[in-house]
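Below you'll find the structure, written out as structure tokens, and then a few comments.
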Amino acid sequence: MNCLEFRRRFTIDPSGNGPEIAAHRQQCPACDRFAERMGEFEKRLRQAMAVDMPEGMAERIGRRLEAETPKLTEESLDRHLESAVRVDVPEGLAGRILLRHSFERQRRVRRRWYLSAALAAGLALAVGLSIFWPSPGSHGGLAHQVVAHIEEDTQALLSRAQVRDFALSATLATFGMYLEEDIGSVTYAGICEVGTTLGAHLVVAGESGPVTVIVLPYKPVQRARAFQADGYTGLLLPAHHGSVAVVAQHPQAVASTARRVSEALRWSL
Amino acid sequence: MQSREVRFQALLMSVMADVYRYAFWLCRDPHHAEELVQETYLRAWRSLDSLKDDKAAKTWLITILRREHARCFERNRPDISDVDPEVLAGHGGYDTSTEAFSLRRALAALPEEYAEPLLMQVIGGYTAEEIARLLELSPSAVNTRLFRARSKLREVLDGPDRDMPATVQADHELS
Ligand SMILES: [Zn+2]
Ligand SMILES: [Zn+2]
């Protein structure tokens, strides 16, 4: 590749690299400097393009979507409520809490968790499909604490070995939780301090990289909310009396893991 | 958790900032841009089930957005002199230097046929082949537009291009 071709290709796509590009850069200091300047320019271009969203736009969109969605029927409300607070109580659970396998596929008695009127009212509010828009501020702090913890607890994302079932069960059992279904290969399970609260910190091996799942049993959130911070995409979901944060680099990994976890996670306390 | 909402939230709401940026530079007007994004999300919500590949969420939204833009705004595209300098200066929270300001003004002044491939590449993350397919252009025509768009913008910062002999530029304009 000659210098002209190099510069033409680099101007067309400064992110593009290949063996030819790399080879030319190495042997041609002038083009190497050119590439560096182009990289700098590209950064400024991205900054210039990064106009802020109008204030409140996400909320306005959420409201339009809400208006678009058929009103919740009695039956669907019931279903939502149930999935939001359902706690299945398998018979004789206590003795088996550390042996996840033993209650897989076992018949269990499903009892609707007792809902106080106040809790029901609060949940109806949370379920009112307000899930669409990120609520400004209110849980922003929690999302940031979660991301800060992920960055702090560096070994969590690095660990590759699969956590043994009993270790995973023990971690969850600390908070009275267990998994009713498989959530995939778990490569990290620990009890961690996240911000000012305690949580179960799990890492699930996803198809496009590790997905962090942090259950915060004592940190309730009103409704589901997506967030982005420091290159991570996350979801904060209400779960039992607390919340679950699902965080990864790829949004699609977040969605699929969040679905699996919310289907599998149960509380016995 | 209702999976449809979770999916929508995680895949689509999380890329809203980029979708808005795309809309903004496409129509260069914050009000139209918001309307466009609202319309886009409404359509996306209605047809969420047709999104088969989660990885393609942003691309999908931008495709919807481009169609909406063609439908609603083609005829009353604002003149660049309409672009509010206040808007170009940004709403705070990021780089507001004169350099960023002139770059934004240059972006706003870029003819749409140059601006769009650049937006698709930088904000949308499309490859040149994908851009060619969506804009119904030849790959070399897309390359020419990307080349010219960046060269024009670089002139704003650096003055006329010293790195690129005139022959390359002329040579490329032929393709
Ligand atoms: Zn060279
Ligand atoms: Zn941790």
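A short reminder: the numbers here are calculations on the coordinates, not readings from a lab. Computed from a predicted model, the values in this text were never measured in an experiment. In this analysis, Cβ positions are derived from the backbone assuming ideal geometry, glycine residues included, and neighbour counts consider all displayed protein chains.
Miscellaneous remarks
- Among the GluC sites (Glu not before Pro) in the stretch B:112-141, those located in a DSSP loop and surrounded by at most 12 other Cβ atoms within 10 Å of their own Cβ are B:136.
- Extension gain for residue A:15 to residue A:205 (0.36 nm times residue separation, less C-alpha to C-alpha distance): 65.5 nm.
- Two-site label geometry, residue A:161 and residue A:60: point separation in nm, points 7 Å out along Cα→Cβ: 5.5 nm
- Efficiency of FRET from Cβ geometry, residue A:67 and residue A:230, R₀ 25 Å, rounded to 0.05: 0.15
- The GluC sites (Glu not before Pro) found in the stretch A:1-64 that occupy coil by DSSP, while having at most 14 further C-beta atoms within 10 Å, are A:55.
- Partner lysines for residue B:152 [C-alpha distance under 23 Å; skip if fewer than 8 residues away on the same chain]: A:43
- Approximating the spin labels as points 7 Å out from Cα along Cα→Cβ, the residue A:263-to-residue B:98 distance works out to 5.9 nm.
- Measure of compaction for the stretch B:95-163 (Cα Rg per 2.2 N^0.38 Å): 1.16
- Pairwise label distance in nanometres, residue B:4 with residue B:129, each label 7 Å out on the Cα-Cβ vector: 3.5 nm
- A DSSP coil position with no more than 15 other Cβ atoms inside 10 Å describes the following trypsin sites (Lys or Arg not before Pro) in the stretch A:152-223: A:160, A:164.
- Centre-to-centre, using Cα atoms only, the stretch B:6-24 and the stretch B:122-140 are separated by 20 Å.
- Converting the Cα gyration tensor eigenvalues of the stretch A:192-269 into ellipsoid dimensions via √(5λ) gives semi-axes, longest first, of 19, 14, 12 Å.
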